[in-house]
Amino acid sequence: MLTRIDHIGIACFDLDKTVEFYRATYGFEVFHSEVNEEQGVREAMLKINETSDGGASYLQLLEPTREDSAVGKWLAKNGEGVHHIAFGTADVDGDSEAIRGKGVRVLYDEPRKGSMGSRITFLHPKDCHGVLTELVTAAPPSETDH
Ligand code: CMX
Ligand code: CO
């Protein structure tokens with residue numbers, strides 16, 4: 001069951017400048033940052049609020065590490081902006097299989113590594129009314145590596 005908006009993914013050309021915009025304009029601080037080479041991104045997670053399922057909602061600011069990555073290609077075509085939305089679930093395996101069974105393309109056979117030790121998969125935007133949609137199961141708190 002999808003129980004929260006886990007994050008909104010925002011593509012940017014310069015992560016440091018974009019982080020500074022969100023800090024100076026709204027007061028949001030970086031909760032966590034990392035490089036995910038598999039996804040081809042340098043990212044900063046800004047925690048917005050805790051959620052009633054025990055998780056949280058974030059903004060995920062994304063700078064590509066290479067031009068041929070998903071975010072690099074998208075930025076070249078569209079410029080900066082909202083790249084994807086991510087729903088949180090306790091069971092990304094079960095939920096993605098159930099959604100696949102409804103005829104929506106799930107991009108990975110098995111969930112892959114996401115922010116903060118989470119497990120993630122994506123649904124094809126062409127099957128989701130133009131919205132690239134990610135499903136996330138957060139790591140148990142003990143495994144979260146800040
Ligand atoms: N939102 C909506 N539509 C998108 C999109 C996005 N983010 N990215 C691509 N599309 C659309 C394109 O506009 C294009 O549409 P048209 O054919 O009408 O022009 C179509 O999808 C194909 O796009 P493309 O530029 O040819 O790109 P690819 O097919 O090579 O890749 C996708 C698209 C979704 C398969 C790829 O971006 C992907 O695998 N995404 C998942 C991984 C990812 O985004 N990682 C970065 C974030 C990591 C994280 O969140 O942790
Ligand atoms: Co994401």
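Remarks
- Note on Ala24/Thr65: beta-carbon distance plugged into 1/(1 + (r/R0)^6) with R0 of 30 Å gives a FRET efficiency of 0.75.
- Helical runs (DSSP H, four residues minimum) scored at -39500 (n - 2.57) apiece and divided by the length of the chain put the mean residue ellipticity at 222 nm at -6000 deg cm²/dmol.
- Surface composition of the chain: carbon plus sulfur atoms contribute 53% of the solvent-accessible area (1.4 Å probe, protein chains only, all chains present).
- Ignoring lysines fewer than eight residues from Lys17 along the same chain, the ones with Cα atoms less than 24 angstrom from its Cα are Lys47, Lys73, Lys77.
- With all protein chains kept in place, the per residue accessible area of the range 20-146 amounts to 56 square angstrom at a probe of 1.4 angstrom.
- Residues in the range 31-41 carry Karplus couplings, in order, of 8, 7, 9, 6, 10, 10, 5, 4, 7, x, 9 Hz; the curve used is 6.51 cos²θ - 1.76 cosθ + 1.60 with θ = phi - 60°, and Gly or Pro positions show x.
- Available extension along the chain between Val35 and Lys126 is 30.0 nm, counting 0.36 nm per residue and deducting the alpha carbon span.
- Counting DSSP beta bridges with both ends in the range 72-146, the antiparallel % (nearest 5): 65
- When the chain is described by a simple charge dipole with +1 on each Lys and Arg Cβ and -1 on each Asp and Glu Cβ, the residue from Thr51, Val30, His83 located farthest towards its positive end is His83.
- Residues His84, His129, His124, ordered by accessible area of protein heavy atoms at a 1.4 angstrom probe radius and largest first, appear as His129, His124, His84.
- Three semi-axes describe the equivalent ellipsoid of the chain; taken as square roots of 5 times the Cα gyration tensor eigenvalues and ordered largest first, they are 23, 19, 14 Å.
- Charged-residue dipole, Cβ positions (Lys, Arg, Asp, Glu), the range 1-114 about Cα centre, Debye nearest 20: 360
The values are calculated or read from the model by the stated rules, or taken from the named source; none is laboratory data. Only a predicted model underlies this, so the values are computations on that prediction, with no experimental measurement involved. When we count neighbours, we look across all protein chains shown, and the Cβ atoms used for this are built from the backbone with ideal geometry, even at glycine. SASA here: full protein model, heavy atoms, side chains in, ligands and nucleic acids out. Shrake-Rupley method; radii C 1.70, N 1.55, O 1.52, S 1.80 Å.
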